[in-house]
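Have a look at this one before I ask anything.
The values are calculated or read from the model by the stated rules, or taken from the named source; none is laboratory data. Quantities reported herein were computed from a predicted structural model and do not represent experimental measurements. Methodologically, a virtual Cβ is constructed for each residue, glycine included, from the backbone with ideal geometry; neighbour enumeration extends over all protein chains shown. These accessible areas exclude ligands, DNA and RNA; they are computed on the full protein's heavy atoms, side chains included. Shrake-Rupley method; radii C 1.70, N 1.55, O 1.52, S 1.80 Å.
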Amino acid sequence: MQLVVARIGRAHGIKGEVTVEVRTDEPELRLGPGARLTTDPAANGPLTIETGRVHSGRLLLRFEGVRDRTAAEALRNTLLIADVDPAELPEDPEEFYDHQLIDLDVVLADGTEIGRITEISHLPSQDLFIVERPDSSEVMIPFVEEIVTEIDLEEQRAVITPPPGLIDDSQAVIVSSRDEEASEPGNDA
């Protein structure tokens, strides 16, 4: 199975290094020296990582055969793709690869069917499940412990306990700080 593990950013310096937008939870495993990665577009690769280092919080990589800024800049926006054994699991039992979560059934604790995970959206603050409902509508479910209470890969399901309004708009609770201020003693609002 092929997984996108990074996207090449701009060139850094004059010796062929590039910045990398990491798209894996295991960069030390997937983006270490000697790793051979396929690319999208395919014409830019395959690329073998020669060196890697962190500079000002960003991962910098140098690839074999890329020796100057011009060659590095030509790789900008190239996706780096690693071959991963589909049976391989992350080291932490609380972590999952996207391919393990796609197509899981999403159900409530009582077994009520909500839909099926069709996509994982990786946002800076949290990940979201994009869930297709039986009526073909979509709902976004934050992948946080308080809402997604269980991932059962054997049963191919994700169990959720959503707050009011996440799944059904009619159950939404609207809270306004203005309502609280108006009800405080001494306010004639």
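Look through Glu88, Glu113, Glu154 and report the one residue that is among the acidic types (Asp, Glu) and within 19 Å of the chain's Cα centre (by Cα).
So the residue among Glu88, Glu113, Glu154 that is among the acidic types (Asp, Glu) and within 19 Å of the chain's Cα centre (by Cα) is Glu88.
Okay, next question. Can you list the strands (runs of 3 or more DSSP E) found entirely within the stretch 66-128 that contain at least 3 residues being open to solvent by 20 Å² or more (accessible area, probe 1.4 Å) and modelled with pLDDT of 90 or more?
The qualifying strands (runs of 3 or more DSSP E) are 113-122.
Another question about this same structure. I'm told Gly9 meets every condition in (1) in a strand (DSSP E or B); (2) under 27 Å from Asp85 (Cβ atoms); (3) within 22 Å of the chain's Cα centre (by Cα) except one. Can you identify the failing condition by its number?
(2)
Which of (1) touching a residue at least 60 places away in the same chain (Cβ under 8 Å); (2) touching a Pro at 6+ places or on another chain (Cβ under 6 Å); (3) open to solvent by less than 60 Å² (accessible area, probe 1.4 Å); (4) not aromatic (Phe, Trp, Tyr) does Ala6 not meet, given it meets every other one?
So the condition that Ala6 fails would be (2).
Would you please name the residue that is least open to solvent (accessible area, probe 1.4 Å), looking only at residues in the stretch 139-171 that are in contact with an Asp or Glu (Cβ under 6 Å, 6 or more places away or on another chain) and outside any loop (DSSP other than H, G, I, E, B)?
Val159
Looking at Arg69, Arg76, Arg116 in this structure, which one is of a type outside the set (Val, Ile, Thr), free of Cβ contacts under 8 Å to residues at least 60 places away in the same chain and out of contact with any Leu (no Cβ under 8 Å at 6 or more places or on another chain)? First the steps, then the outcome.
Values: Arg76 fails: free of Cβ contacts under 8 Å to residues at least 60 places away in the same chain; Arg116 fails: out of contact with any Leu (no Cβ under 8 Å at 6 or more places or on another chain).
Arg69 is the lone residue from the list that is of a type outside the set (Val, Ile, Thr), free of Cβ contacts under 8 Å to residues at least 60 places away in the same chain and out of contact with any Leu (no Cβ under 8 Å at 6 or more places or on another chain).
Could you list all residues from the stretch 13-65 that are β-branched (Val, Ile, Thr), open to solvent by less than 40 Å² (accessible area, probe 1.4 Å), in contact (Cβ under 8 Å) with a residue 24 or more places away in the chain and in a strand (DSSP E or B)? Don't jump to the end; show me each part of the working.
First, pick out the residues of the stretch 13-65 that are β-branched (Val, Ile, Thr): 14, 18-20, 22, 24, 38-39, 48-49, 51, 54.
When the remaining residues are screened for being open to solvent by less than 40 Å² (accessible area, probe 1.4 Å), the result is 18-20, 24, 39, 48-49.
Keeping just the survivors that are in contact (Cβ under 8 Å) with a residue 24 or more places away in the chain gives 18-20, 24, 39.
Scanning the stretch 13-65 gives Val18, Thr19, Val20, Thr39.
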